[in-house]
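I have placed the structure first, in the form of structure tokens, so that the comments after it can refer back to it.
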Amino acid sequence: MIQFDNVHKAYRVNGRDIPALQATSLQIGAGEIFGLIGHSGAGKSTLLRLINRLEEPSGGRILIDGADATALDADGLRGLRRRIGMIFQHFNLLASKTVADNVALPLRLAGELPAAAIDARVAQLLARVGLGEHAHKYPAQLSGGQKQRVGIARALATEPKILLCDEATSALDPQTTAQVLQLLAEINRELQLTIVLITHEMDVIRRVCDRVAVMDGGAIVEQGAVADVFLHP
Ligand code: ADP
Ligand code: ADP
């Protein structure tokens with residue numbers, strides 16, 4: 001589903017290369033929940049953002065579903081992004097739009113469905129994440145957990161096969177974190193969705209991930225089944 005062959009990345013800042021990801025090879029299977037854990041600056045976000053090409057690799061090859069994601073034209077890139085949803089630590093919702101309009105946005109931008117079909121899909125998505133009653137509220141009227149549910153509904157709008165989660169529970173309290181993780185695990189099963197999630201919390205990895213990669217200094221220093229990488233207490 002997701003394959004990295006010798007992918008590396010350096011950021012060019014003021015004419016100097018700042019290494020962020022050393023040559024990395026990695027395979028994430030369809031339907032897996034794959035965790036990336038490591039300290040701040042370890043390269044987790046860089047690796048995640050290379051998957052949907054929010055970052056350009058400096059070298060190497062990235063295959064998504066067998067197709068080379070490093071050689072896409074603008075159309076190909078739009079198609080790739082539609083097949084890969086993303087959620088964020090601070091939710092990234094538009095404050096001036098209602099919950100329903102936030103979720104509808106990717107569908108309106110894609111421009112493929114008529115308005116009535118978009119409304120129906122948005123209602124279905126909001127019901128699935130437990131926000132059917134909140135469609136006409138604004139983000140500021142919601143709790144953190146509710147905001148992340150909107151983020152999840154928006155990320156799923158275009159029926160992606162991959163969901164990227166960048167510290168998606170780091171701004172939430174433990175109880176809300178558990179609820180959001182449970183929703184992600186349910187969606188993973190129902191939709192055979194592949195999930196790649198970044199966290200700095202071991203507990204998040206233990207609760208939902210099948211496999212994990214530990215990152216340090218721009219490299220994967222260990223990876224495998226969660227039970228093999230971390231001894232359970
Ligand atoms: P993590 O997600 O594990 O905190 P990042 O992938 O964000 O790690 O960062 C890896 C390294 O790359 C860090 O040294 C960081 O400062 C650097 N970095 C990340 N993004 C940029 C950027 N846009 N420009 C320059 N350096 C960056
Ligand atoms: P995160 O909490 O995901 O690690 P950061 O606060 O590290 O996020 O980064 C937020 C944004 O700043 C990202 O877009 C990242 O690419 C960029 N960034 C991170 N480190 C640097 C850096 N050293 N120089 C420039 N941009 C950076």
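Derivation of every value follows stated rules applied to the coordinates shown; laboratory data play no part. For clarity, every value in this text was computed on a predicted model and none was experimentally measured. Here the Cβ positions follow ideal geometry from the backbone for every residue, glycine too, while neighbour counts run over all protein chains shown.
Most mobile of LEU109, LEU26, LEU183 per a Gaussian network model of the chain (Cα springs, under 10 Å)? Of LEU109, LEU26, LEU183, the most mobile in the Gaussian network model is LEU109. If one computes the Cα centroid of the range 67-135 and of the range 189-228, what distance in Å separates the two points? A separation of 25 Å, based on Cα centres. On the beta carbon distance between GLN192 and ILE18, with R0 = 35 Å, the FRET formula returns roughly 0.40. Converting phi to 3J(HN,Hα) with the Karplus coefficients 6.51, -1.76 and 1.60 and the offset θ = phi - 60°, the range 59-75 yields x, x, 10, 10, 10, 10, 6, x, 9, 6, 8, 9, 10, 10, 7, 4, 5 Hz in sequence order, with x at every glycine or proline.
Counting only DSSP beta bridges whose two residues both lie in the chain, roughly 50 percent are antiparallel.
Applied to the range 143-154, the Karplus parametrisation 6.51 cos²θ - 1.76 cosθ + 1.60 on θ = phi - 60° returns per-residue 3J(HN,Hα) values of 6, x, x, 5, 4, 5, 5, 5, x, 5, 4, 5 Hz, with x for Gly and Pro.
Contact order, relative form, for the range 158-220: 40 percent (alpha carbon pairs under 8 Å, 6 or more residues apart, mean separation divided by residue count).
Under the convention that each Lys and Arg Cβ holds +1 and each Asp and Glu Cβ holds -1, the size of the dipole of the range 88-164 around its Cα centre is about 160 debye. Computed over the range 93-222, relative contact order equals 22 percent, with contacts defined as Cα pairs under 8 Å that lie 6+ residues apart. With distances taken between every two different alpha-carbon atoms, the range 112-181 has a Kirkwood hydrodynamic radius of 13.0 Å.
Over the chain, what is the relative contact order in whole percent, taking alpha-carbon pairs under 8 Å and six or more residues apart?
This gives 29 percent for the chain.
Residues MET202, MET1, MET86, ranked from the fewest to the most other C-beta atoms within 10 Å, line up as MET202, MET1, MET86. Scanning residues 5 or more positions from TYR11 or on other chains, those with amide H under 5 Å from its amide H are ILE18, ALA20, with H placed 1.01 Å from N in the peptide plane.
Report summary: the helix-based calculation at 222 nm, which adds -39500 (n - 2.57) for every DSSP H run with n ≥ 4 and divides by the residues of the chain, gives -11000 deg cm²/dmol. Taking the Cα centre of the chain as origin and assigning +1 to Lys and Arg Cβ atoms and -1 to Asp and Glu Cβ atoms, the resulting dipole is close to 500 debye.
For the ranges 93-102, 13-22, what's the packing order if you count other beta-carbon atoms within 10 Å of each residue, average per peptide, and put the highest first?
Ranked by mean Cβ neighbours within 10 Å, highest first: 93-102, 13-22.
Its alpha carbons considered, the range 84-233 gives a radius of gyration followed by a Dmax of 16.2, 53 Å. Between the listed residues ALA213, ALA100, LEU172, the Cα displaced farthest toward the positive end of the dipole of the range 75-233, a dipole computed from Cβ unit charges relative to the Cα centre, is found at ALA100. A simple rule links phi to the HN-Hα coupling: the Karplus curve 6.51 cos²θ - 1.76 cosθ + 1.60 with θ = phi - 60°, which for the range 199-213 gives 8, 10, 10, 3, 4, 5, 4, 4, 6, 10, 7, 7, 10, 9, 10 Hz, with x for Gly and Pro. Assuming charge only on the beta carbon of Lys and Arg (+1) and of Asp and Glu (-1), the dipole of the range 1-129 about its Cα centre is about 300 debye to the nearest 20.
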